[in-house]
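Below: one structure, written as structure tokens.
The values are calculated or read from the model by the stated rules, or taken from the named source; none is laboratory data. Since we're looking at a predicted model, the values are computed, not measured. Note that we place each Cβ from the backbone using ideal geometry, even for glycine, and neighbour counts take in every protein chain shown. The area values use the complete protein model at the heavy-atom level, side chains included, leaving out ligands, DNA and RNA. Shrake-Rupley method; radii C 1.70, N 1.55, O 1.52, S 1.80 Å.
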Amino acid sequence: MAPIATGLPNGSARHFSADSSQTLGRFSDIPSFLAIQVPGEGGGDETIEISLEELVDDPTELCMALEDADADKRAWMGLALAHTRQKKVDLAVDILHAGLNSLSKPAKNPKEKLGPLSLLCWLFLGKCRSAPRVPLEGKPEVHTKEHWLQAATETMNEAGHINPAFPPLYLARGVLYLLRASLQPPSKPVAPGSVDHSERVESLRLAQRCFEDAAKVSLNRNMLAVMGVARTQYSFGRFADALAGYQEVLAKMPHLIDPDPRIGVGCCLWQLGYKKEAHGAWERSLELNPESKIATILIGLYYLNESSNYTSKDPNFAPIYKKAMTEYTQKAFKLDKEWPLTCSTFGGYFTLRRAWPTVENLAKKAIELTDVNAIASDGWYLLARKEHYQDEPDLAKIGDFYGRADAARGGGDRGYIPARFGIAQVLVAQGDIDGAKFRLDKIIQSSKSTEAMMLLGALYAEEVFDNMANGNREDKSTEARKAIAYLEQVRLAWKDAAKKLTPDLSVLIYLAHLYEAEQPEKAFQCLQQVEKMNIDDLLEKEDISKEDVDEETLLKMREELSPQLLNNLGCFQYQSEKHDIAGELFQSALNACVKYGEKDDTVDVDALVTTISYNLARTYEASGLLDEARQVYEGLLARHDDYTDARTRLAYIELRQNPTEDGPKAIAQLNETDGGNLEVRAMLGWYLSRSKKRASNIADDQEQKHYKKTLLDYDKHDRYSLTGMGNLYSVYAREMRRSTDKERDKRSGEYLRAVGYFDKVLQLDSRNAYAAQGIAIALVEDKRDLTSAVQLFSKVKDTVRDSSVNINLGHVFCDLKQFTRSIENYEAALYKDRSTDPQVLACLGRVYLLKGKQDKSIPAMKSSLDYSRRALALAPQQIHFQFNIAFVQMQIAQLMYSLTESQRTLSDVQAAAEGLDEAIEALNEIANSKNPPYPKHDIEQRANMGRNTMRRQLERATTAQREYEEKNASRLEEARKAREAELKRREAERQKAEAAAAEHRRKIQEERHKMLQVSRELAEKRAEEERRKEEAEMTTDSETGERVRRKRKARPAAGKRKKKGAETSGSESEASATPKPRRRRGGKKTGKDSGTSGLDSTEEKQPKKRRKLARKSERANDNKFKSSEMVEDSDDDDIPPSSPAPPKAAANGATDAEEDEEMTDAPTTTNGRAANDNEEDAPTTSSRSRKSKAARRIEESDDEDLPDEPTAPPKSTTAERAAASDSDDEAADKTARRPNAFADRPDLSMVDESVGAAGEEGRDTTGENVGDGYGV
């Protein structure tokens, strides 16, 4: 006899309540007990109840009982599910196997096995979820995921042989394909337009097809099938489609919590960028199921992501990170210590704690137990980091772990960027720099990772620095540019507030080193930024506000910084010739050395102090504080007596202070003690170049012998000696005669030898500016290649901050006849350090002379004379400077008489004549001197020419100039007077225009005041009328004696409108059948005068209607109406659009005579025109209106809150009549064409706001109509 399952009605658990607060979890439909019928002892059947909540450890007896009772599939499945609910899956599998054996009897229908087989397949799939991906070490009995997938496949095939169309198999097959896809590696990127046929993608496609078939068979009621489709869409990356699927499940089954569609909704929203909404979905899931480990860890990941938006130093970071780890990640770990996602997340936390055994354990769990490739990737990455942090890391193992982490996420451009970055680090450690560069470049191309840019930029920078340190001449400018480009991109990314990156000091240090050679300003800026960041850290550590920092505090903070940083800052300031600031930085660096040594015992503080002290002494020396510099050098020698640089600088100071006695002795002593030092030999060569006697032959030159000995005996590549040799040959070649071709060839040979030395220097140091300048000088003096020389000098000028470069450029530009640029360079040299150099002044005099002769410019000639006199003042014993002055004076005289009368003045000619006399006297003196610069005969001839020819020419020029100026004096006076008269006339016209404008403004102001006064009067009168109206509506209560409002009678109900020809009440019905609404005051106006231009064309073309008010006396005989006043439409368009609307008539219909008397006492004028003026038109208009349409009746509103509707029009005033007189068409057109007095003054806030309320209805409150009425 077939047993029955009791405890719950069949299917009752699947009839869900509409209440979404009721949730549904796994195994919710399993009853509490199972009842089976077995044969009894007396021949009858007995019922045995088997508890499904308190299960025995060995279900063998239960299986035997079910087999003896010939139990059907539901009993076997119920017992297996009960064991599954209590995590006894292996026993459930055994029970199902026993049931399948029982159901395999020949008498049984094979289809009875479909249910147990389906359940067995699901159990195998569940075992697959918790099984490891790879075999466990030392646990061969633990099966892998692949084993359970194979078992599920066999079971599914067996069920498929019985009934391939069994609906539950579709769902199980879809899950099987999903799990199989999770074990397969991610697909490789495919070309655009091609189809991906990788194994994983094909498995996902099969899974989607199975889920769709399951949904189709169930008529879309199988929500697990819908969730399966959404899951496959998520795996394909179609997050929007997946979100729609999860939302459909949630809408149809809001009580479903295991599996929970809210988890899928949150994951899709996260991938779509809606992270806060995803957090809300997971919070709702956790609210419905507080024990959900998935929702708990996902919320923890959300808060971890939020903490990444802050730096570790930010006060907001710690609370968020603590909440993520303690409240959620730790809770999820307690719920399930084997959950892979929790293990990988917790592993990252213990990595920061350096708890390596725990990290390894958690990472292995994440790798072995997960069926998600991304989680396995995290596990491999944790293992790689753990190995990377070891003291002696196994680089091969680390690279393998990083490679597996990258491959688990697809590898290539779609791989795991941190793992790819780790591989690059391993390659750097292994010495494969090119491989590391290649991988980093790939990372940057795909992700713009700042970390990758930093490492790649550092690799290129180190390559440049190694080349410089080794002295290689290989060009590394390309690598330097790449390093700067990558590091600058990182530096720029720091400024992006959205990225919230923490600046790295090493980036700035690298940039400063790279910029040092060619762009020292940028290098100094980088070091300044490093200093600022360090000081900010100190202020934050000591909790000091930046606003409270003064100079004294800043100096104290500097002493806490690195002395190397301060020393480098001081060196850059020294190069910028800011010696005072450089000295302060060097002094702070010395103070910082003491504290730096206390912090780190391994640092050689003495070496730092020695170097910084030497730099400080050089700063004193450059500032002219020679005594302070001497004291520092002596202190250095007291501690290090073999410090050659300090001894060399002391000898130089002695030479500057005592150039004749102690200085040469100090140089000689230095040569004896340190003669083998190249720096000392360079200084000795410099001293010889300034103190030697000039030899006629270069072979006998002492300086040449010194340099030659240095190159032969000490260092053949000494660049200073090579440069000195080149300079010597250039100087001797410059002084050689060049009269004949042979002499010129010999001279060119000497220049060629000089260029050879300079070229050798440039081969050793391509940036040696002094050698480049020597080549440029040789090109100019020997080959006259001025263009190439300018290019070389310009490059040298950017490198060497020496006045000699400017002087050479001035020479070249002068030869190129570019006198302006020549003057600029000479003056630049003069202002640098040659202000007392007479040679530079003489060069300026020469170039101004050439410029004056070319341009025929008297001011240029005068500037030449001025510079020549300044040169003579500095060197009065130099006779050639006297000759220069005389020569310039004669050139001025020659220029003066060659100019026309209009280009010179009489004073200029007379000054030139005086200068000519002085030049003649000076030439005579120079000719009689011992060593004249030119032959005596030539100088005397020049003086005679000036005395005879030039003097007579100047006399004639003086006479002609005087006649010219006297003749033109009257013309100039007349022109001057005419100009003065013209200026006076213009000034008078300007003053007249200003006075007229002021008068116009005054008139406008007066008219404005008048209009404001009229507006106030109108407002006051209207207020008075309102008060009178209120008094008229008040009466005395007969019972209480208080003043109250009059009570109005209720209006009669409007009757139906009768047809034409109806009896006596027709007119009344006609008037009351279609009541018209009251017109509101202050509505929009149409037409030109309304001030609005944005109305539709249809509104502008709509004709205006005239409304008339009839007197009560005219309608007194018509006692059928409560109010005898009618407002009727008229086709007459006499009233222009700008005319104000008539006031509304009273319609309260008082019945007593007293009220009628009070109402008729009010004036009944409209626009200043009496109502009886239109008495003849009233009957005709009324008759025509009744024929065309129903009359519109204006009735008084019962609302007492509208006091602006008078019972009768107010009395007209003079101003109102004047305004109303403009309401005809002709006046309206004139008003529209008349200029507005306020057109140039848009601010009309001076107009009282009450004017609009107190004036006539519909009148423009801007005062335009009032102004037109007064003719403004």
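Observations
- Check on Thr84, surrounded by fewer than 21 Cβ atoms within 10 Å (Cβ to Cβ), among the hydroxyl-bearing types (Ser, Thr, Tyr) and modelled with pLDDT of 80 or more: no
- Qualifying residue in segment 926-933 (condition: under 27 Å from Gln854 (Cα atoms) and open to solvent by 20 Å² or more (accessible area, probe 1.4 Å)): yes
- Taken over segment 914-925, the criterion of being open to solvent by 30 Å² or more (accessible area, probe 1.4 Å) and closer than 15 Å to Arg951 by Cα is satisfied by Glu914, Asp917, Glu918, Glu921.
- Enumeration of residues in segment 634-678 that are acidic (Asp, Glu) and in contact with a helix residue (DSSP H, G or I) (Cβ under 6 Å, 6 or more places away or on another chain): Glu654, Asp662, Asp674
- Residue selected from segment 504-530 under the condition under 16 Å from Leu566 (Cβ atoms) and aliphatic (A, V, I, L, M), by the criterion surrounded by the fewest Cβ atoms within 10 Å (Cβ to Cβ): Leu505
- Within segment 674-720, the set of residues being aromatic (Phe, Trp, Tyr) and more than 27 Å from Ser766 (Cβ to Cβ) comprises just one member, Tyr687.
- Of all residues assigned to segment 817-835, none qualifies as being more than 54 Å from the chain's Cα centre (by Cα) and under 20 Å from Asn806 (Cα atoms).
- Residue within segment 374-386 that is of a type in the set (Asp, Glu), in a helix (DSSP H, G or I), open to solvent by 20 Å² or more (accessible area, probe 1.4 Å) and modelled with pLDDT under 90 present: no
- Residue within segment 709-717 that is assigned to a loop (DSSP other than H, G, I, E, B), touching a helix residue (DSSP H, G or I) at 6+ places or on another chain (Cβ under 8 Å) and of a type outside the set (Val, Ile, Thr) present: yes
- Counting the residues of segment 410-432 that are surrounded by fewer than 22 Cβ atoms within 10 Å (Cβ to Cβ) and not aromatic (Phe, Trp, Tyr) gives 14.
- If you filter segment 805-828 down to residues that are in contact (Cβ under 8 Å) with a residue 24 or more places away in the chain and among the hydroxyl-bearing types (Ser, Thr, Tyr), you find that the one that is nearest to Gln773 (Cα to Cα) is Ser822.
- Within this structure, Leu103 passes the test of being within 23 Å of Lys127 (Cβ to Cβ), open to solvent by less than 20 Å² (accessible area, probe 1.4 Å) and touching a Lys or Arg at 6+ places or on another chain (Cβ under 6 Å).
- Within segment 522-556, considering residues that are within 27 Å of Lys795 (Cα to Cα) and touching a residue at least 12 places away in the same chain (Cβ under 8 Å), the one nearest to the chain's Cα centre (by Cα): Cys526
- Within segment 531-547, tally of residues that are of a type in the set (A, V, I, L, M) and surrounded by 18 or more Cβ atoms within 10 Å (Cβ to Cβ): 1
- Filtering segment 723-759 to residues that are open to solvent by 60 Å² or more (accessible area, probe 1.4 Å) and in a helix (DSSP H, G or I) leaves Asn727, Arg734, Glu735, Asp741, Lys742, Arg744, Asp745, Lys746, Leu752, Arg753, Asp759.
- Members of segment 594-630 that are open to solvent by less than 50 Å² (accessible area, probe 1.4 Å), within 29 Å of Gln519 (Cβ to Cβ) and within 43 Å of the chain's Cα centre (by Cα): Leu608, Ile612, Asn615, Leu616, Thr619
- Cβ-Cβ contacts under 6 Å between residues 6 or more apart (or on different chains), taken from a first residue in segment 67-90 that is more than 23 Å from Lys105 (Cα to Cα) to a second residue that is in a helix (DSSP H, G or I) and open to solvent by 30 Å² or more (accessible area, probe 1.4 Å), are listed as His83/Leu91.
- Residue in segment 884-899 that is farther than 18 Å from Leu849 by Cα and either β-branched (Val, Ile, Thr) or open to solvent by less than 80 Å² (accessible area, probe 1.4 Å) (or both) present: no
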